[in-house]
Amino acid sequence: MASILVTGCAGFIGSHLAERLLHDGHRVVGLDNFDPFYPRARKQENLRACLQHPRFTFHEADLRQGLDALVDALPADPIEVVVHLAAKAGVGPSVREPVAYLENNVIGTTHLLEWMRHREITKLFFASSSSVYGNTPERPFREDMPLLAACISPYAASKLSGEQLTYTYHHLYGLDVLNARFFTVYGPRQRPDLAIHKFVRLLRDGQPIPVFGDGTTARDYTFVLDTVDGIARGVDYLLRQENVYDTLNLGNNRPVPLLELIDAVGRAVGQTPALSFQPMQAGDVDITYADISKAQRLLGYAPQTTLAQGLQEFVHWLDQTRS
Ligand SMILES: NC(=O)c1ccc[n+]([C@@H]2O[C@H](COP(=O)([O-])OP(=O)(O)OC[C@H]3O[C@@H](n4cnc5c(N)ncnc54)[C@H](O)[C@@H]3O)[C@@H](O)[C@H]2O)c1
């Protein structure tokens, strides 16, 4: 059993991860600032099962407030690994509010790294994003592709900056790091701004689904419990290994074109979608497609959930939360 700090614990991925780590026998210290991007009540509901668990504690704190605030907010008990999921997520809003995204995701991450140094915590799992690949023409995306001129949104730039910062702390202070690039995660508790969540709500409300571009853009949709399995394996890897610095894709290795996704969502909901074609949105990439062989080799990562299964799980969850 280890003690693990999960930042962004009240969010979509963080709350599932906390449940998984508790199930695996770990102690989980959760941190979140209830960023108002979507309702606090939703995030409190995400945490409900964890809050009843004896090995879980929750601490409301904002990474932007700096080292002293983190020292005050978090317990002094030993922590072996930090899983850093807290971020302002999403491409579109980052184009509208670049400074807020960079302050939160880059400065906030730096404060966390300083707190880890202060507490002599030496193992970090950092949530990066497929968006760092931008419109890199070679596919599937491999972790060793050069990315210095790839990011096409402030969100992507904030995530690549995070990866660079974790390297700096690895070099300077010997921090063991796994950076994981997640690929369009979906499933129960998914953020309301993300496509699948929006599409199911629109269908349920009898509204047309917006298709940005001609419908051929594609995403490597990954079911949340598959992503969480990759993170849990990453935590175990960090606990076992010394002198680690690696970057991994946690995707599904199967890009789904937008029109195919909408069709699959329609089948999961039992309705035929009406479409409303719109121009591409600024900052959006054409395709995401993960080469997952490195994560398979290092962690034994192997996503299990088909799109049809994952969509059923999502629709079931949304119907329960709406009733
Ligand atoms: N969902 C995806 O498809 C996806 C894809 C790639 C990467 N990611 C990354 O995975 C992580 C989790 O994403 P998610 O979809 O669960 O998002 P989410 O918004 O549901 O969760 C993020 C959580 O972080 C918290 N947070 C934000 N800023 C904070 C701060 N300054 N201090 C403390 N807490 C803060 C928020 O309140 C929220 O609960 C993020 O880093 C995101 O960038 C997600």
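Observations, loosely collected:
- Taking the C-alpha atoms only, the angle from helix 224-240 to the longest principal axis of the chain is near 20 degrees.
- Order of SER293, SER158 - criterion: other Cβ atoms within 10 Å of each residue's Cβ, fewest first: SER293, SER158
- Residue order, fewest to most beta carbons within 10 Å, for ILE152, ILE107: ILE107, ILE152
- Each of ASP62, ASP176 has some number of other Cβ atoms within 10 Å of its Cβ, and from fewest to most they run ASP62, ASP176.
- Nearest-ten-degree value, helix 258-269 long axis tilted from longest Cα axis of the chain: 90
- In segment 119-207, the GluC sites (Glu not before Pro) that fall in loop regions by DSSP, at most 14 other Cβ within 10 Å: GLU120, GLU138
A short reminder: the numbers here are calculations on the coordinates, not readings from a lab. From a predicted model like this one, the values you see are computed outputs, not experimental measurements. Because the Cβ atoms are built from the backbone with ideal geometry, glycine has one as well, and the counts that use them run over all protein chains shown.
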